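Asker: Just passing along the structure, written as structure tokens.
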Amino acid sequence: MRDYPTNRTGFDRILTVLAATFLAVSTSAAFAQADVAKKSASELAIDAAIPTPEPANVPPPTVADFKADDVQPAPPAVRESKSGDQKTETRAPDPKPAGSTAADTATSQSDTSANATASSDAKPSSGQPSSNPETTETKLDEPKTTAAKPDDVTAAPSDGIKTKDESKKDATATITPAAAPPHAETGAATATDQPSEPVKAANNVPPADQPAAEKLRALLDTEATKFFDRKAERAAIEKFYAARSYAPLWTEGGTLNAQAKGVIARLRDAAADGLNPADYPVPNFAAASSSDQLAEADLKLTASMMDYARQAQSGRMHWSQVSADIQYPEHPVDPEQVLTNVTTAKDSSAALGSYNPQHKLYRELKQKLAELRGVSDGPVTQIADGPVLKYTPERGKKHPAVVMEDPRVPILRTKLGVTENANDTHYDAKVAAAVRKFQANADLKATGVLDERTVKAINSPKRDRQIDNIIVNMERWRWLPRELGAPSLGDAYAILNIPDYSLMVMQHGAPIWSTRVVVGKPGIHATPLLTETMKYITVNPTWNVPPSIIYKEYLPALQQDPTVLERMGLKLERDRSGGIHISQPPGERNALGRIRFNFPNKFLVYQHDTPDKHLFAKETRAFSHGCMRVQNPDQYAATLLNIALPQEHYTPEKVRSMYGRNEFDIKFPTPIPVHITYQTAFVDHAGKLQLRADVYGRDAKILALLQNSNGRDLETVIAHAQPSYSRPRGNIPQQGVAFNETRGFGGGFDNSGPSFFERLFGVQTPPPQMDDRRRRIYGR
């Protein structure tokens, strides 16, 4: 080492440091020798026999390894054993670093060295959670070689508080040393506390039904769409079967149960409710010899039952399939509710049949249908197959009449209405005449001979015009709400029958008032079918002429007679958008009469009075533009007001006293339902079947759809483009039209620009968009 004068000071410092280090090492060795000298002979012998362990490769401690001084000691953790009601109290581990106590040091230095690394990897000695839970879990599952410690040392969270969920998982957080002897109670608790798989529903399927249940599970998992094409129904059915472990619904040990027998009986008797039994096929359970066949039959019967419930409730066709001017509230069935109701009912046939309408008028039609078909309330009787029966009349003395005898003849007499000698077994002239008449009505050759085709026709459900009318009307009843009236008003409602041109108010299940009405003309002015609620009536109404009438009727009429609006008492003006608005002020000549009955609807129709009273004397009364004219509006108003406002005590006289030129509304606190129906067949109060003409052709359309659907799903909703009541097609003036009260028919002309008639009839422009909503809500 060279000495440079300029670096002398630095060299001296280096020597000083080296000397201090040597002295420190020497002093430490001296103290160590002094300690060794203090040990006894036995301790020295032990030290010689046991080598000193190498230092563990443990990283230096960090701040995270030490708890804050304000952390309270962990309280005892109480773990609830699943094997019984006993509770085991376990102490949380000491938060001090491992090996810090004299007892731990004296236990075994070799154990400490062997497990130092494992303890560091598995869990910090300070009690803090490990940053690698996967590593911790792996280490805990490996066999341990640590010295014996108290059983089931439970690791508590850092805050010392154990939640309910954590207490249930003590088995995961509990370390049981392998060296400790197993205790029976501890072992049982540990095994019980191990995390288990999700609990499955108990399988209550009888052994005899388990093969079919497995097949049902497989079919619903892979082929559910084959049986149920409607998504909501399919989901409900799959859920229902799964909840019962896929046990068959309709069989027990391969034999039909009581619920299945009731459902099958209802499906086979579907014709009694105007439905077609062929639409609800019944599988042959007797031929189902395997679990596969039983499972398929079970699902097929479920599908037929669901189809019946849905169509009995809402109809075989959606009303939108028939016409665009029909609007009834939807009331579909709940598939899960259907399954529950039918399968748990004491009488499954009655439960399934309850989805048909329960209205009094529907039940009366059902009874008439049975009478026309010759079916009584008892079992249906069928004519058995047998030999051909023929009656040969007398042809002179040498050829007497030939009368055959057969035990089927009494049943034949009953079915054909031959009341004389009802029990006579002879196929005589009267029976032959009844058979001939039946053949003529059934489009068979009228021979009077009872052959195979005639027997089949007699046994088939009877079909003729009256029966078809009844079936069509029963179908329409399915579209109406099940609850027709307002419960808080004594089930009151107003019902109008278009083909009968009548209006009736019902309360407490009985008619309390009725009158005649005029309805819309066939075609584009047909009165729509709907259900709404009447919210108020208007006394002394102003008639705001609908745009469709303005552009299609009144403006063309002005071409022929410019004074037509004046003579009708109408006022013409231009609205803000440049369109034409025609109105009629209140008065006795007003087209709406003195009262308007308002039940807002998308068709913009209502009921009202009329100055044209003479039309009510006609038998056929389809003359309006769609609205309904009431013959006795003052009585109608008094009846409705006494239902809605009974404390006011309205009378027809009191209503008439309000007539004048001031328009005002009387609102109903509770709206009254209004049903516009199309009943071409109904039963009157005397119990007689009444038939009416199909004025709008609705019956013919429904029958055609039912008989020739060509595989079409008639329950599908058809979206119809609604006519625009605010912008009908036509040519109207756009601007330059001004009116006053002194000229012509309620208006004058603006001198700037073309005249009114020039713009009205000479300018070919499309109608504008009308923004005045007040003038769009009324029709006539």
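Asker: Roughly speaking, what is the stretch gain from Leu416 to Lys360, that is 0.36 nm per residue apart minus the C-alpha to C-alpha distance, in nm to one decimal?
Answerer: 17.3 nm
Asker: Using the Karplus curve 6.51 cos²θ - 1.76 cosθ + 1.60 with θ = phi - 60°, work out ³J(HN,Hα) for each residue of region 301-316 in order, rounded to whole Hz, and write x for Gly and Pro.
Answerer: 5, 4, 5, 5, 4, 5, 4, 5, 4, 5, 6, 5, 6, 10, x, 6
Asker: At 7 Å along the Cα-to-beta-carbon direction for both Glu553 and Asp575, put a label point, then send me their distance in nm to one decimal.
Answerer: 1.8 nm
Asker: Which pairs, out of Lys231/Lys300; Lys552/Lys602; Lys368/Lys613, put more than 26 Å between their alpha-carbon atoms?
Answerer: Lys368/Lys613
Asker: What span do the alpha-carbon atoms of region 434-534 cover on each of the three principal axes, reported in whole Å from largest to smallest?
Answerer: 60, 33, 22
Asker: Continuing with the same structure: So who's got an amide H within less than 5 Å of the one on Gln327, skipping anything under 5 residues away but keeping other chains? H placed 1.01 Å off N, in plane.
Answerer: HN-HN under 5 Å from Gln327: Leu529, Leu530, Thr531.
Asker: Could you compute the FRET efficiency for Lys239 and Glu483, with r as their C-beta to C-beta distance and R0 at 22 Å, rounded to 0.05? Working shown, then result.
Answerer: Details: r = 29 Å, r/R0 = 1.30.
Here the calculated transfer efficiency is 0.15.
Asker: Which ³J(HN,Hα) values, rounded to whole Hz and listed in residue order, are derived for region 382-394 from phi using the Karplus coefficients 6.51, -1.76 and 1.60 in 6.51 cos²θ - 1.76 cosθ + 1.60 with θ = phi - 60°, glycine and proline given as x?
Answerer: 10, 7, 6, 5, x, x, 5, 9, 9, 9, 10, x, 5
Asker: With every protein chain left in place, what is the accessible area of Lys368 in Å² (1.4 Å probe, nearest 10)?
Answerer: Its heavy atoms expose roughly 40 Å² to the probe.
Asker: Let me ask something else about it. For region 594-638, state what percent of all Cα-Cα pairs lands in each successive 10 Å bin, counting from 0 Å until the bin that includes the largest distance.
Answerer: All Cα pairs, binned at 10 Å, distribute as 26, 52, 21, 0 percent.
Asker: Taking θ as phi - 60°, what are the ³J(HN,Hα) couplings along region 412-422 by the Karplus curve (6.51, -1.76, 1.60), each to the nearest whole Hz, with x for Gly and Pro?
Answerer: 3J(HN,Hα) across region 412-422, in whole Hz: 5, 4, 5, 5, 9, x, 8, 7, 6, 6, 4.
Asker: Right, something else. Looking at the calculated P(r) for region 274-353, what percent of the C-alpha pair distances fall above 15 Å?
Answerer: Percentage above 15 Å: 65.
Asker: Additional query: Taking H as built 1.01 Å from N, whose amide H comes closer than 5 Å to the amide H of Gln690, not counting residues under 5 places away?
Answerer: Close amide H contacts, sequence-distant or interchain: Phe682, Val683, Asp684.
Asker: Could you please report the charge total around His614, scoring K, R as +1 and D, E as -1 over all other residues with beta-carbon less than 13 angstrom from its beta-carbon?
Answerer: Within the 13 Å Cβ shell, the charges total +4.
Asker: Could you tell me the calculated FRET efficiency between Ala324 and Gln367, based on Cβ-Cβ distance and R0 = 25 angstrom, to the nearest 0.05?
Answerer: Plugging the Cβ-Cβ distance into 1/(1 + (r/R0)^6) gives 0.15.
Asker: Could you give the accessible area per residue of region 317-469, probe 1.4 Å, as a whole number in Å²?
Answerer: In whole numbers, region 317-469 has 58 Å² accessible per residue.
Asker: Rg over Rh of region 375-436, using C-alpha atoms and the Kirkwood radius, what does it come to? Intermediate values should be presented prior to the final figure.
Answerer: Details: Rg = 13.0 Å, Rh = 12.6 Å.
That ratio is 1.03, to two decimals.
Asker: I've got another one for you. Please report, largest first and rounded to whole Å, the three semi-axes of the ellipsoid equivalent to region 512-635, where each semi-axis is the square root of five times an eigenvalue of the C-alpha gyration tensor.
Answerer: On the way: eigenvalues 124, 54, 49 Å².
After diagonalising the Cα gyration tensor, the semi-axes are 25, 16, 16 Å.
Asker: Just the number, please: carbon plus sulfur as a percent of the accessible area of region 610-706, 1.4 Å probe, no ligands or DNA/RNA counted.
Answerer: 52 percent
Asker: Over region 406-453, what percent of the accessible surface lies on carbon and sulfur atoms, probe 1.4 Å?
Answerer: It is 51 percent, rounded to a whole number.
Asker: Under 14 Å from the Cβ of Arg594, count the other residues' Cβ atoms, weight Lys and Arg +1, Asp and Glu -1, and hand me the total. List each step's numbers first, then the result.
Answerer: Values: positive: Arg589, Arg596, Lys613, Arg629, Lys654, Arg656, Arg661; negative: Glu588, Asp609, Asp612, Asp634, Glu653, Glu663, Asp665.
Value of the local net charge: 0.
Asker: In nanometres, what is the gap between the two model label sites at Asn708 and Glu588, each 7 Å from Cα along Cα-to-Cβ?
Answerer: Roughly 5.4 nm, to one decimal.
Asker: Set the Förster radius R0 to 56 Å, insert the Cβ-Cβ distance between Asp334 and Glu619 as r into 1/(1 + (r/R0)^6), and round the FRET efficiency to 0.05.
Answerer: According to the calculation, E is roughly 0.80.
Asker: Sort 654-660, 296-302, 321-327, 558-564 by the packing proxy (mean of other Cβ within 10 Å over each peptide's residues), most packed first.
Answerer: Final packing ranking: 296-302, 321-327, 654-660, 558-564.
Asker: Sticking with this one: For the residue pair Val402 and His508, what label-to-label distance in nm results when each label sits 7 Å from Cα along the Cα-to-beta-carbon direction?
Answerer: So the label points at Val402 and His508 sit 6.8 nm apart.
Asker: Now a separate question. Probe of 1.4 angstrom, ligands and nucleic acids ignored: what's the accessible area per residue over region 209-249, in square angstrom?
Answerer: Values: 2150 Å² over 41 residues.
Heavy-atom accessible area per residue stands at 53 Å².
Asker: Also: In what sequence, largest accessible area first, do Glu252, Glu648, Glu475 appear using a 1.4 Å probe? Don't skip to the end; give the middle numbers.
Answerer: On the way: Glu252 125, Glu648 80, Glu475 0 Å².
The ordering from most to least exposed comes out as Glu252, Glu648, Glu475.
The values are calculated or read from the model by the stated rules, or taken from the named source; none is laboratory data. Note that the structure is predicted; figures quoted are calculated from it, not measured. Positions of Cβ are generated from backbone atoms using ideal geometry, with glycine treated the same way; all protein chains shown enter the neighbour counts. Protein only, heavy atoms only, side chains kept; ligands, DNA and RNA dropped before computing areas. Shrake-Rupley method; radii C 1.70, N 1.55, O 1.52, S 1.80 Å.
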